[in-house]
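Read the structure below first, then the notes.
The values are calculated or read from the model by the stated rules, or taken from the named source; none is laboratory data. Remember, predicted model here, so these are calculated numbers, not experimental data. Reconstructed Cβ throughout: ideal geometry from the backbone, glycine too, with neighbour counts over all protein chains shown.
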């Protein structure tokens with residue numbers, strides 16, 4: 001492999017691994033706010049127990065997320081020096097804003113969140129929980145803004161020429177509210193909420209199936225099911241808005257996502273299929289004129305296809321973009337159906353007696369993670385061959401001094417270290433889940449939980 005492919009693989013690997021954790025932190029942060037808010041409003045100690053339990057798991061995801069996120073900043077300098085010079089002013093502003101408005105807020109309240117139980121007043125601790133949650137939300141804002149600027153650059157001009165060229169901000173707010181940032185941010189936020197919600201649903205479905213912590217798990221499951229239902233439906237709407245934006249700002253990417261080659265013709269909406277990039281055709285099951293209808297509510301509306309672009313300006317892996325995008329959509333539709341079925345069974349009073357449904361929820365935790373990952377894959381691979389859309393090619397963004405062997409060696413090291421980190425994360429997460437939301441003393445204080453624990457141990 002040449003240095004460009006290896007550098008792209010390395011960055012994709014480190015980003016994908018890192019992106020397991022921030023969505024979980026954001027999603028769990030929202031549910032921690034909800035549980036603790038319900039405790040303050042109702043005085044129900046079960047909600048306090050849930051808030052404490054999920055705070056411990058939040059701390060685990062937050063810690064590994066921070067550690068793995070730092071690595072990417074070094075990769076900008078080692079592997080992508082030309083890119084770093086080109087976008088340094090833009091990324092520097094966004095990352096500085098993240099540090100000031102997001103990370104400072106999040107880390108400032110984190111100590112109170114983790115160690116302030118029984119040390120500060122309940123409302124003070126709740127404010128800290130809200131502060132940490134908002135900090136995680138703001139962190140996503142600036143990262144998505146920086147990435148969206150690469151997709152749809154705005155509010156800048158180019159200084160210098162050739163290898164010394166760089167983008168300089170002329171309008172900070174135009175850079176922040178570039179044409180794709182708002183739609184993409186809402187889509188990322190909702191994906192994060194779903195990642196956290198389905199982790200909570202999975203764990204409490206597991207408890208219910210095992211007959212552990214039944215009463216508290218029912219409360220947690222019902223509240224989280226409402227959250228998951230609202231945001232899974234909302235994700236469909238934000239996804240549609242984002243796709244509309246891609247059609248306007250990055251038509252080649254949309255054409256790759258939908259496997260549409262004809263330069264200017266009505267476009268079908270593929271349910272699933274396979275793209276033959278050499279033959280420039282897509283085979284599969286499709287709704288005739290479906291994509292045209294979604295974009296303009298007219299099945300005869302012409303959509304720009306890949307043949308309208310020179311071959312060297314098309315995404316390099318069209319079938320991969322197509323498959324990743326359709327997998328994301330399929331998972332999104334499945335999650336909507338699953339949550340709606342859950343709500344229907346809840347209304348009928350059969351939710352917690354349906355072992356088959358609880359089993360699906362228990363295993364569904366992986367689905368939002370997959371959807372988040374492949375959604376980013378389709379967005380980033382669909383942008384190729386540009387690292388800054390229409391301005392800087394990926395092949396021109398590489399460091400001139402780095403070699404393929406150096407990148408390969410560091411990639412192997414990252415793989416080993418991240419494999420260890422993932423194993424450690426899963427071990428600690430499994431340990432906390434098996435322990436459950438109560439400590440031994442609190443179980444003794446609850447006769448029902450003590451009885452259930454005794455039955456299990458026997």
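For region 423-449, name all the residues that are assigned to a helix (DSSP H, G or I) and at pLDDT below 90. Result: 440, 441, 442, 443, 444, 447, 448, 449. Does region 69-89 contain at least one residue that is surrounded by fewer than 17 Cβ atoms within 10 Å (Cβ to Cβ) and farther than 30 Å from residue 158 by Cα? Checked against the condition, which is being surrounded by fewer than 17 Cβ atoms within 10 Å (Cβ to Cβ) and farther than 30 Å from residue 158 by Cα, region 69-89 yields no hits at all.
Looking at 184, 212, can you tell me which residue is touching a helix residue (DSSP H, G or I) at 6+ places or on another chain (Cβ under 8 Å) and part of a loop (DSSP other than H, G, I, E, B)?
The match here is 212.
Suppose we keep only residues that are free of Cβ contacts under 8 Å to residues at least 40 places away in the same chain and outside any loop (DSSP other than H, G, I, E, B) within region 277-290. Which one would you say is nearest to residue 308 (Cα to Cα)? Among those that are free of Cβ contacts under 8 Å to residues at least 40 places away in the same chain and outside any loop (DSSP other than H, G, I, E, B), it is 281. Filtering region 298-313 to residues that are within 14 Å of residue 263 (Cα to Cα) and without any contact (Cβ under 8 Å) to a residue 24 or more places away in the chain leaves 310, 311. Counted as qualifying within region 70-153 are the helices (runs of 4 or more DSSP H) with 2 or more residues that are in contact with a strand residue (DSSP E or B) (Cβ under 6 Å, 6 or more places away or on another chain) and at pLDDT below 90, namely 81-98. The residue that is modelled with the lowest pLDDT, counting only those in region 155-169 that are within 16 Å of residue 91 (Cβ to Cβ) and outside any strand (DSSP E or B), is 165. Among all residues of region 14-24, there is at least one that is without any contact (Cβ under 8 Å) to a residue 60 or more places away in the chain, more than 30 Å from residue 438 (Cβ to Cβ), out of contact with any strand residue (DSSP E or B) (no Cβ under 9 Å at 6 or more places or on another chain) and part of a helix (DSSP H, G or I).
Residue 124 fulfils the conditions (1) surrounded by fewer than 15 Cβ atoms within 10 Å (Cβ to Cβ); (2) over 19 Å from residue 35 (Cβ atoms); (3) free of Cβ contacts under 8 Å to residues at least 40 places away in the same chain; (4) touching a helix residue (DSSP H, G or I) at 6+ places or on another chain (Cβ under 9 Å) except for a single criterion, (2).
When you scan region 30-45, how many residues do you find that are in a helix (DSSP H, G or I) and more than 29 Å from the chain's Cα centre (by Cα)? Write out each step before concluding.
Let us first name the residues in region 30-45 that are in a helix (DSSP H, G or I), namely 30-42, 45.
Add one more test, that the residue is more than 29 Å from the chain's Cα centre (by Cα), and what stays is 40-42, 45.
The total comes to 4.
Would you check if there is a residue in region 254-265 being at pLDDT 90 or above, farther than 19 Å from residue 382 by Cβ and touching a strand residue (DSSP E or B) at 6+ places or on another chain (Cβ under 9 Å)? Looking for residues that are at pLDDT 90 or above, farther than 19 Å from residue 382 by Cβ and touching a strand residue (DSSP E or B) at 6+ places or on another chain (Cβ under 9 Å), one finds none in region 254-265, hence no.
Quick check on region 401-413. Is at least one of its residues out of contact with any strand residue (DSSP E or B) (no Cβ under 7 Å at 6 or more places or on another chain), within 30 Å of residue 198 (Cα to Cα) and in a helix (DSSP H, G or I)? No - not one qualifying residue is present in region 401-413.
Any chance you could count how many residues in region 239-270 are outside any loop (DSSP other than H, G, I, E, B) and either surrounded by 20 or more Cβ atoms within 10 Å (Cβ to Cβ) or touching a residue at least 40 places away in the same chain (Cβ under 8 Å) (or both)?
Pass one, region 239-270, residues outside any loop (DSSP other than H, G, I, E, B): 239-249, 251-258, 264-266, 269-270.
From what is left, the residues that are either surrounded by 20 or more Cβ atoms within 10 Å (Cβ to Cβ) or touching a residue at least 40 places away in the same chain (Cβ under 8 Å) (or both) are 239-249, 251-258, 264-265, 270.
Total meeting the criteria: 22.
Residue by residue through region 355-400, note down the ones that are over 26 Å from residue 21 (Cα atoms), in a helix (DSSP H, G or I) and in contact (Cβ under 8 Å) with a residue 12 or more places away in the chain. Correct list: 355, 357, 394, 395, 396.
Of all the numbered requirements in (1) more than 22 Å from residue 372 (Cβ to Cβ); (2) crowded, with 19+ Cβ neighbours inside 10 Å; (3) touching a residue at least 40 places away in the same chain (Cβ under 8 Å), residue 101 misses one, and that requirement is (2).
In the set 335, 327, 295, only one residue is in contact with a helix residue (DSSP H, G or I) (Cβ under 6 Å, 6 or more places away or on another chain), farther than 25 Å from residue 368 by Cβ, part of a helix (DSSP H, G or I) and touching a residue at least 24 places away in the same chain (Cβ under 8 Å); that residue is 295.
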